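Working notes for the structure below.
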Amino acid sequence: MGLIQTLAGLLFGSRNVVRETAEVFRENAEAAAARASGLQGQVLAQYAAEFALPRPGWFDRLMDGLNRLPRPALALGTLALFAAAMVDPLWFAARMQGIALVPEPLWWLLGVIVTFYFGARHQLKSQDFQREIATTMARVPAVLENLTAIAELRHDSPGAAGTGVDATLTLAAGEPSDNPALDAWRAQRRA
């Protein structure tokens with residue numbers, strides 16, 4: 001009996017060898033929850049200490065607001081440029097011509113500033129972007145010609161049914177023709 005009692009005491013007594021051995025392979029869930037709770041409490045205490053003091057003045061509040069503006073302003077500005085290009089292509093093309101006059105070193109400087117601010121851009125990307133803008137601007141005349149051609153194809157544009165300089169066609173357009181379907185339609189409208 002003494003041997004069994006000693007073994008049981010060793011395994012399940014004040015020092016539990018089975019539990020200690022199992023904790024080598026699997027984390028104690030109760031101890032992990034206690035550690036996580038302590039960590040969360042410390043994080044909340046740090047946040048509370050950081051925001052407990054009121055801001056000293058309007059300048060700090062202004063700077064906090066300005067620090068939050070660039071990312072949304074760039075995103076919304078880019079979307080506005082796309083909308084402007086679709087709504088008024090001539091206005092957009094005129095603005096892009098102004099951008100085409102910006103010297104390349106200034107583009108590099110802008111690229112460096114934006115790269116520094118956002119941290120994940122490279123100067124090469126901004127130069128590639130400038131080349132792509134130049135390529136797009138070279139296509140503006142063709143796009144304007146296409147828009148003019150599309151406008152002329154509309155059925156409600158002035159002169160859509162014009163005969164041009166063809167005198168024979170102009171005279172034929174004014175003379176009534178033998179068209180039974182048109183005659184039936186006219187008779188139906190009179191009734």
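The values are calculated or read from the model by the stated rules, or taken from the named source; none is laboratory data. In this text, all values refer to a predicted model and were calculated from it rather than measured experimentally. Heads up, the Cβs are rebuilt from the backbone with ideal geometry, glycines too, and the neighbour counts pull from every protein chain shown.
Within the range 73-118, the set of residues being at pLDDT 85 or above, of a type outside the set (A, V, I, L, M, F, W, C) and either part of a helix (DSSP H, G or I) or surrounded by 13 or more Cβ atoms within 10 Å (Cβ to Cβ) (or both) comprises 77, 78, 89, 95, 97, 98, 104, 105.
From the residues in the range 1-34 that are among the acidic types (Asp, Glu) and assigned to a helix (DSSP H, G or I), which one is modelled with the highest pLDDT?
Checking each candidate, the answer is 30.
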